[in-house]
Amino acid sequence: MSTTEKPLSPHGIPAAQETPPADIHAHKSMFQLAIGQLMEHRMAVVSLVVICFFVLVALGANLIANSLGIDPEAQDILNRYGPWSAEHWLGTDEVGRDVFVRLIFGTRISLMVAFVVAIASTMIGIAVGALAGYYGGVVDMLLMRLTDSLLALPTIPILIIVASIDPARVPFLDTVSAENVSIVKMIFVLMIFSWMVQARLVRGEVLAIKEQEYVLAAKTSGMNGMQIILKELIPNVITPVIVSVTLGIGSSILFEAALSFLGLGIQPPTPSWGNMLNNAQEIVYSAPLLAVIPGLLILIITMSFNFLGDGLQDALDPKAIRR
Amino acid sequence: MAAFIARRLIQTVILILLLSFASYWMMGLMPGDPLDVACQANPHCTPENLEQMKKNLGLDQPIHVRYFQWLGDLMRGDLGYSRTYRLPVTEILGPRLVNTLYLSGISLLLSLIIAIPLGVYTSLRQNSKIDYTLNMFAFAGISVPSFWLALMLIITFAVKLNWLPASGTETIGGDGMMNSFEIALDRIRYLILPVTTLSLLTIASWVRYTRAKMLETMRNDYIRTARAKGLSESRVIYRHGLRNALIPVVTVVALGFSGLFSGAVITETVFAYQGAGKLIFDSIFANDYNVAMCSFIVTSLCVMLMNLVADVLYAYLDPRISYH
């Protein structure tokens, strides 16, 4: 603007400047800034590539198995602990199943369980956190007592107890087909015990922003509590939640693997990375390599999610942005 | 302060009661009924016998009646008998708890000694090569499945190198010819791999946490003030920086102890280490409900009390935190 005269508001007070002050980043949106930041985090970028690769493998599991002509559940008792060969790339396991194809299907199961658990538990966490933070009072007290109580429980022992329940004795689960029941049960068990961190996070954020002017503006314009939560609060807390979903996927993979390893998670013949290690203790002497590979994959994918979460945290935190 | 602790203790008691009821109920939902199994094994057992047996044992009562009976017995100090070991639960649980305490206690100490200096060191050399390397290891440590790490240690040190025993708590049948020093040495040999597994995981997360807290603290204005006053760099770092950074670390350490206690379940199971965690796992699989309930409740109680200690310590160390 070349003129020194500032536009005046009806009350004679200079109105706020319409255009932001000239800034070298003025043309960049918050999203672009975040992407730029993320790209600087080298491990996060590598991790993102690794994750995309595993997701593609999981999605194309059937395609890969068909092109190799191998059924992941086909047993071949005469070819137990077979060596690496052109036919069985990573050899065969204790009942002669192809390890490579089972790993690919295991990728699908393990990733699916982790994604579903992370997303579902985040939804629960957002709902609980937003309700508690916005309404306060008795609602807050009850919901936060529940959250704190669940957080205080020893995770692994309680997961073991809940996971040992016979699905046939639970009203809803007895309708699921026998083939998938262990997967559904695993998702439920992990979901019940992984929403609390998100709930606390969201509640804290909501407490901080519910006093802001735009929430007041929404109130005076006649929006009710539910509308404010859905339209004003949740969109504004989504950033920190993204980080915790990413880290949540990593820990869900670890918990699923641990429970399946103990024989309480995904049930064979359906392969998962955890249950492929189920009999690893017996084979450490005879076929140690069988015990190495599934765990290595768990390590790589969990590490990738942790690195990505770390990178996202830096990228999405406005205070950490280097200008 | 006293009121705060009292309120939290009452909460813990209520939570334990709710938890015990929930787990009592869930034990009933587990596959396999000891009486059904016993009846199937005996060809003379008719369905009428089975019903009579259930009636005699009070198993035909609704779940809450049975729970309060169990709770009453527990209050009188009667923890019941183990089905598999044919011993009172107290006799089984006691030594197991001691074993778990050894395992988690040693891991805790080892992690403390290693993690905090490493965390401080990496924070002082931020973005150096050693910082990056240790950061990679820390990320690997928080991402590795504990049971798999245990398996890898077994494959390396027990199977390939044959230096250490693969599993167990002590050499069986060796008591007679060993003096107490040899017994202790024997126990230590069996503890090395489980302790390493548990410690590596804890160290990884504590190094990251200490480093982050240290970096955060060193950005405070009072650090700048301390420097401006002309204090020596070491005094700024250790007196003004570290002391403040350690406040949240103390909480994490107290929480870490409860984490070690519950994480020990998997480690104990992989190493067949006779601790309380393995007892929970084994008794659930063996339908040994008395043992499963008691070991689970006692473990949970330990974990919750450690959480309480963490909260109290935090409030005590940081005057900015109020007890309300």
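In whole percent, what relative contact order does the range B:111-219 give with Cα contacts below 8 Å and a gap of six or more residues?
Values: 87 pairs, mean separation 54.8, N = 109.
About 50 percent, as a whole number.
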- Note down the Stokes-Einstein diffusion coefficient of the range A:98-163 in µm²/s, whole number, using a Kirkwood radius over alpha carbon pairs, 37 °C, and 0.692 mPa s. 226
- Message: Between B:HIS64 and A:ILE238, how high is the FRET efficiency from 1/(1 + (r/R0)^6) when r is the Cβ-Cβ distance and R₀ = 51 Å? Nearest 0.05.
- Response: 0.75
- Looking only at other chains, what is the average number of their beta-carbon atoms within 10 angstrom of each beta-carbon in A:145-156? 6
- Query: Per residue, how much space in cubic angstrom lies within the convex hull of the C-alpha atoms of chain A?
  - Reply: 195
- Task: Enumerate lysine pairs in chain A that are 8 or more residues apart or on different chains, then count those whose Cα atoms are under 18 Å apart.
- Result: 4
- Note on the structure: What one gets for the range B:158-287 as the Kirkwood radius, inverse of mean 1/r over different Cα pairs in Å, is 18.2
- Summarise the partner chain shielding of B:283-290 as one whole number: the mean count of Cβ atoms from other chains within 10 Å of each residue's Cβ. 1
- Query: Roughly how crowded by other chains is peptide B:130-142, in terms of the mean Cβ count from those chains within 10 Å of each of its Cβ atoms?
  - Reply: 2
- Message: Would you report the distance distribution of C-alpha pairs in the range B:121-228 as whole percents per 10 angstrom bin, up to the bin with the largest distance?
- Response: 13, 28, 24, 18, 11, 5, 1
- Please state the relative contact order of chain B as a whole percent: Cα pairs under 8 Å, 6+ residues apart? 25
- Set of aspartates and glutamates with alpha-carbon distance to B:LYS229 below 15 Å, sequence-local pairs under 8 removed: B:ASP221
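Please report, largest first and rounded to whole Å, the three semi-axes of the ellipsoid equivalent to the range B:49-183, where each semi-axis is the square root of five times an eigenvalue of the C-alpha gyration tensor.
After scaling each eigenvalue by five and taking roots: 46, 24, 17 Å.
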- Task: Can you tell me the alpha carbon radius of gyration of the range B:219-312 divided by the globular rule-of-thumb value 2.2 N^0.38 Å?
- Result: 1.72
- Task: Using only Cα atoms, tell me the angle between helix B:243-270 and the longest principal axis of chain B; keep it within 0 to 90° and round to the nearest 10.
- Result: 30
- Message: Counting only Cα atoms, I'd like the Rg/Rh figure for the protein assembly as shown, Kirkwood definition for Rh.
- Response: 1.00
- At q = 0.08, 0.11, 0.18 Å⁻¹, what is the base-10 log of I(q)/I(0) for the range A:39-197 according to the Debye formula with one equal point scatterer per Cα and no solvent? Please give it to two decimals. -0.39, -0.69, -1.18
- Query: So if R0 is 25 Å, what FRET efficiency would B:MET136 and A:VAL49 give, r being the distance between their Cβ atoms, rounded to the nearest 0.05?
  - Reply: 0.90
- Item | With eigenvalues of the C-alpha gyration tensor scaled by 5 and rooted, the range A:248-310, Å | 22, 14, 8
- Per 5 Å bin from zero, what fraction in whole % of the C-alpha pairs of the range A:188-256 is there, up to the bin with the longest pair? 3, 15, 23, 19, 14, 11, 7, 5, 2, 0
- For chain B, what is one quarter of the convex hull surface built on the Cα atoms, given in nm²? 23.4
- Message: At a 4.7 angstrom Cβ threshold, list every cysteine in chain B that has nobody to pair with, or say none.
- Response: B:CYS294, B:CYS302
- Note on the structure: FRET efficiency for B:THR171 and A:LEU289 from the Cβ-Cβ distance with R0 = 35 Å, rounded to 0.05, comes out at 0.75
- Message: For the range B:130-190, take N as its residue count and report Rg(C-alpha) divided by 2.2 N^0.38 Å.
- Response: 1.56
- Message: Taking just the alpha carbons, could you work out the radius of gyration and Dmax for the range A:187-323, both in angstroms?
- Response: 21.0, 72
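Laboratory data are not the source of any read-out in this text; all were calculated from the coordinates shown. Not measured: the values here are computed from a predicted model. For neighbour counting, all protein chains shown are included, and Cβ atoms are generated from backbone atoms with ideal geometry for every residue, glycine included.
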